[in-house]
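Read the structure below first, then the notes.
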Amino acid sequence: MSNSALPPKLPSEPQNSIFQQAATASAFAPLIAIGLTVFSSAGRTSLDPQSQRPVALIVGIVSSILILIGLICGIVALFGIRRHGKKGILTKALWGIIIPLLLSGLAIPNFMAARSQAIKNKQYQMSPEGQVRAIADQINKQGKKMVDEATRLEGVEALPNKTLLYNYSLITKTSSEIPPDALNRIVRPNVVKAYRTHPDMKMLRDNGITLTYRYRDKAGQLIGDFSVGPSDLAR
C-alpha cells in the first residue's frame, strides 16, 4: 500500500494554548511591574530632584499598563478552563488578577494621603489671599452644616485683608434672648484658644489670617460678631 493511501494526520493541538499563554503573561506582568518600580526607585536616588519626577511618572505609567495587561490576560485565560482544564491556567490567572487588586487596595489609601498632603502644600504655597479663598470654597462646598443642636454654619466668605468671615445662625434663639456681651464673654475665649493651639489652625496662624465670626438669630436678625487674629497670639 502506498503512503498516499494513508489518511492524513490531523494537526496536533499545541500544548500551550493561547489561554495558557495568557495565564503565564498574567502571572508575570505584575511581577515585572513591581520589579521595574523597585529598580527605578533605587536608580532615581542618583538623579537630581527635577529629573526624578518625569522618570517616576514614566515608570508609573509603564507599570500601570503592565498591571492592566496582566489583569486582562488573567480574565481572558479563565475562559479557557472549560476547554483546556485548570492545569496551567487557573493558578497563574488568579495570581495575575488578585495581585493587581491587592496593589490597587494598597494604593488607594496612599493616593488619598498624598492628595490630602498635596492640597495642604498647595495652600501653603499660594498667596495668603488665595489661601483665604481656597478655604472658603472648600467649606462652602460642604453646604450648610450644624455645629451643634442650636448653631448652624451658613457659609464662609473671603474678605480683604486676609480675613475669613464665618456666618452662623442660632436657629432656636432670637436676638432679644441673648445678652449683648455673650459672644465676647463666652464664645470668643474658646475661639482664641483654638486659634492659638489647634493644629488645624496652624496654617492660619502662620499666614496671619484673621477669622471673623458673625451670628444671626433664627429670624435672620444680626446678633453680633467678633474677630480673632494674629494680635491674639501675643497676649
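The values are calculated or read from the model by the stated rules, or taken from the named source; none is laboratory data. Predicted model only: the values in this text are computed from it and were never measured. Quick reminder, even Gly has a Cβ in these numbers, built from the backbone with ideal geometry, and neighbours come from all protein chains shown.
Return the pair list, or none, for Cβ contacts closer than 6 Å from residues in the stretch 57-70 that are touching a residue at least 12 places away in the same chain (Cβ under 8 Å) to residues that are surrounded by fewer than 19 Cβ atoms within 10 Å (Cβ to Cβ) and among the aliphatic types (A, V, I, L, M), at least 6 apart or on different chains.
Pairs that qualify, where the first residue is touching a residue at least 12 places away in the same chain (Cβ under 8 Å) and the partner is surrounded by fewer than 19 Cβ atoms within 10 Å (Cβ to Cβ) and among the aliphatic types (A, V, I, L, M), are SER63/LEU36; LEU66/ILE32.
How about the stretch 153-181: which of its residues are within 28 Å of the chain's Cα centre (by Cα), within 19 Å of GLY220 (Cβ to Cβ) and not acidic (Asp, Glu)?
LEU153, GLY155, VAL156, LEU165, TYR166
Take ILE209 and tell me if it is touching a residue at least 60 places away in the same chain (Cβ under 8 Å) and either over 16 Å from VAL228 (Cβ atoms) or in contact with a Pro (Cβ under 8 Å, 6 or more places away or on another chain) (or both). Write out each step before concluding.
Details: touching a residue at least 60 places away in the same chain (Cβ under 8 Å): yes; either over 16 Å from VAL228 (Cβ atoms) or in contact with a Pro (Cβ under 8 Å, 6 or more places away or on another chain) (or both): yes.
Judged against the criteria, ILE209 is a match.
Provide a single number: the residues in the stretch 144-160 that are part of a loop (DSSP other than H, G, I, E, B) and in contact with a strand residue (DSSP E or B) (Cβ under 9 Å, 6 or more places away or on another chain).
So in the stretch 144-160, the residues part of a loop (DSSP other than H, G, I, E, B) come out as 144, 147-150, 160.
Okay, now just the ones that are also in contact with a strand residue (DSSP E or B) (Cβ under 9 Å, 6 or more places away or on another chain), so 144, 147, 150.
Count: 3.
Filter the stretch 190-218 for residues that are over 21 Å from GLY155 (Cβ atoms) and either in a strand (DSSP E or B) or touching a strand residue (DSSP E or B) at 6+ places or on another chain (Cβ under 6 Å) (or both) and give the result.
VAL192
Among the residues of the stretch 195-231, write down those that are surrounded by fewer than 16 Cβ atoms within 10 Å (Cβ to Cβ) and either farther than 18 Å from ASN167 by Cβ or not assigned by TED's automatic domain parsing to the domain that holds THR163 (or both).
Listed by number, the residues that qualify are ARG196, THR197, HIS198, PRO199, ASP200, LYS202, MET203, ASP206, GLY208, PRO230, SER231.
Would you pick out the residues in the stretch 83-133 that are at pLDDT below 70 and more than 30 Å from ALA158 (Cα to Cα)? First the steps, then the outcome.
The first filter runs over the stretch 83-133 and keeps only residues at pLDDT below 70, leaving 103-126.
Across the stretch 83-133, the qualifying residues are LEU103, SER104, GLY105, LEU106, ALA107, ILE108, PRO109, ASN110.
Kindly indicate the residue of the stretch 159-193 that is charged (D, E, K, R) and closer than 23 Å to PRO230 by Cβ and also surrounded by the most Cβ atoms within 10 Å (Cβ to Cβ) among those meeting that condition. So that I can check it myself, show each step before the final result.
Keep residues of the stretch 159-193 that are charged (D, E, K, R), which gives 162, 173, 177, 181, 185, 188, 193.
Those left that are additionally closer than 23 Å to PRO230 by Cβ: 162, 185, 188, 193.
On the way: LYS162: 18, ARG185: 10, ARG188: 16, LYS193: 12.
So the residue we want is LYS162.
Do we find a residue being out of contact with any strand residue (DSSP E or B) (no Cβ under 8 Å at 6 or more places or on another chain) and assigned to a helix (DSSP H, G or I) anywhere in the stretch 161-179?
Yes, the stretch 161-179 contains a residue that is out of contact with any strand residue (DSSP E or B) (no Cβ under 8 Å at 6 or more places or on another chain) and assigned to a helix (DSSP H, G or I).
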